[in-house]
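Reading through the structure tokens given below for one structure.
Values in this text are rule-based calculations from the coordinates and carry no lab data. Quick caveat: nothing in here was measured; it's all calculated off a predicted structure. Cβ: placed from backbone, ideal geometry, glycine included. Neighbour counts: every protein chain shown.
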Amino acid sequence: MRIAVEQLTKRFGATLVLDRVDLEIGEREFLGLLGPSGSGKTTLLRMLAGLEFADTGRVLFDGAEAQALPIAERQVGMVFQHYALFGHMSVFNNVAFGLKVRPRPSRPPRNEIAERVERLLHLVQLDGLGDRFPGQLSGGQRQRVALARALATEPKVLLLDEPFGALDAKVRVELRRWLRDLHDPTGLTTIFVTHDQEEALALADRVAIMAAGRIEQVGSPTEVYEGPQSPFVYDFLGRTNAFDCVVENGGARLGDKAFAVDGLPDGPAIAFVRPHDVVLRVPENTDLSEDATLPDAAAVRLVTVLGPKAWVELSYKGQVIAAEIGREPLEELRLKAGSRCTVQLRLPCFFAKR
Amino acid sequence: MDSQGTSQEEAAVVLGASGRQIFWRVTLPNIKWGLLYGVLLCNGRAIGEFGAVAVVSAHIIGLTNTMPLHIEVLYNDYAFAAAFAVASLLTLMALVTLAIKTVLEWRLGTAVGAARAH
């Protein structure tokens, strides 16, 4: 199903939760709504589900206004943040609920319901657990019950609110891949809400980044990661080093190099560099590449080794610079707290200072 | 009900349940132990009430009557056997109420525990 949201606005009291939001979601798309808490992403999701209504604006499902439709006719399945499973019902009855509550004419016969539930439990890899109660399941299993329950009514749109929020890191990564595999053959349009940028970038076809009730940017994970349109998006999508610089005649100076910048007015600007684009070199090294080099050496404050990577914090003229480097360069440079090194910056991203 | 929130009801709405179905299949089963416990406590108070009925509702015989009041009337009429019979009945009911209350408290405890678990 194609979904379009037009100029959607919502207030809770004096707070503007959604501010003229426009968004289009294509058929069979897997879209991630990404944003910090309070950015309105859950409210937007609940509006698509029909649990919340907009003050102004339209929600279109396949081109038709959906807000007037009763929730049952929207053909939407939803997985709630804490799953909201029916604690007094067995797993089987949880999954069967959406079919059992149908009015008699459209309700499938009992044996067909049982068959369909068994099929769904098999799909979510919970065979044989139909008699258990939600309280007897692990977090990951509950999440899959919630998913099976949402899919039982054969929705065309699947909405997931922080689907992996309550799970530990390893289960999260497994379920993420599994959810993606589940989405692709079903023909569902899936929208999920998350505040975890890694999750959104890893899972979604397109990501919509929200802040303070507005959509800041929409695009594929690569597009938004490599071409952030605002400092907020850049900052939100990963760790950041910020450097003050000045734009003059369409060029910005960073370290010993000048970079061509398009569309930035002359004046103060900020250059952002990701920690993994910070290169460290021994201070005496004169064989410097075309990367921008900071004029003075920086002092190492802290070295943390995390598996194959090392996290280095440097202080440079009162500023902290974070660098993520491989184990090999770390050993070559023999970096430890107190040693000095030259800092080079790759792929800076410039924004006008607000 | 407050602590359980409305998320299960919302889930039921999205799954297409009507208001009546949500009440009977989701809300009521979730609150049934708490509700029964409340009914039982209320019943216990009602059976044993003495002072309030005697003073406030003027103690009209055959109209506003409770067991303790009835016992008093019988006793004052020198109907000792009848008075003690009713008193024994009252004691028995108190014991039964206590037993049910203990069972309900146990069920309520597990129900609340299960609700907290997810």
Inset, instruction - Please find, within the stretch A:146-204, the residue that is nearest to the chain's Cα centre (by Cα) out of those that are within 26 Å of A:Ala114 (Cβ to Cβ) and in a loop (DSSP other than H, G, I, E, B). - result: A:Leu188
Inset, instruction - For A:Arg132, state whether it is part of a helix (DSSP H, G or I) and either out of contact with any Gly (no Cβ under 9 Å at 6 or more places or on another chain) or of a type outside the set (Lys, Arg) (or both). - result: no
Inset, instruction - Among the candidates B:Gly48, B:Gly44, single out the residue that is touching a residue at least 40 places away in the same chain (Cβ under 8 Å), more than 12 Å from chain A (Cβ to nearest Cβ), closer than 23 Å to B:Met93 by Cβ and surrounded by 15 or more Cβ atoms within 10 Å (Cβ to Cβ). - result: B:Gly44
Legend entry - Condition broken by A:Tyr83, with the remaining ones in (1) touching a residue at least 60 places away in the same chain (Cβ under 8 Å); (2) in contact with a helix residue (DSSP H, G or I) (Cβ under 6 Å, 6 or more places away or on another chain); (3) more than 9 Å from chain B (Cβ to nearest Cβ) satisfied: (3)
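Among A:Glu73, A:Glu65, which is the only one that is of a type in the set (Asp, Glu), surrounded by fewer than 17 Cβ atoms within 10 Å (Cβ to Cβ), without any contact (Cβ under 8 Å) to a residue 40 or more places away in the chain and within 11 Å of another protein chain (Cβ to nearest Cβ)?
Criteria check complete, one pass: A:Glu73.
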Inset, instruction - Determine which single condition A:Thr190 fails, assuming it passes every other condition in (1) free of Cβ contacts under 8 Å to residues at least 60 places away in the same chain; (2) touching a strand residue (DSSP E or B) at 6+ places or on another chain (Cβ under 7 Å); (3) over 30 Å from A:Asp262 (Cα atoms); (4) among the polar types (S, T, N, Q). - result: (1)
Legend entry - Residue list for the stretch A:99-115, restricted to those being touching a Pro at 6+ places or on another chain (Cβ under 9 Å) and either facing another protein chain (nearest Cβ under 8 Å) or aromatic (Phe, Trp, Tyr) (or both): A:Arg102
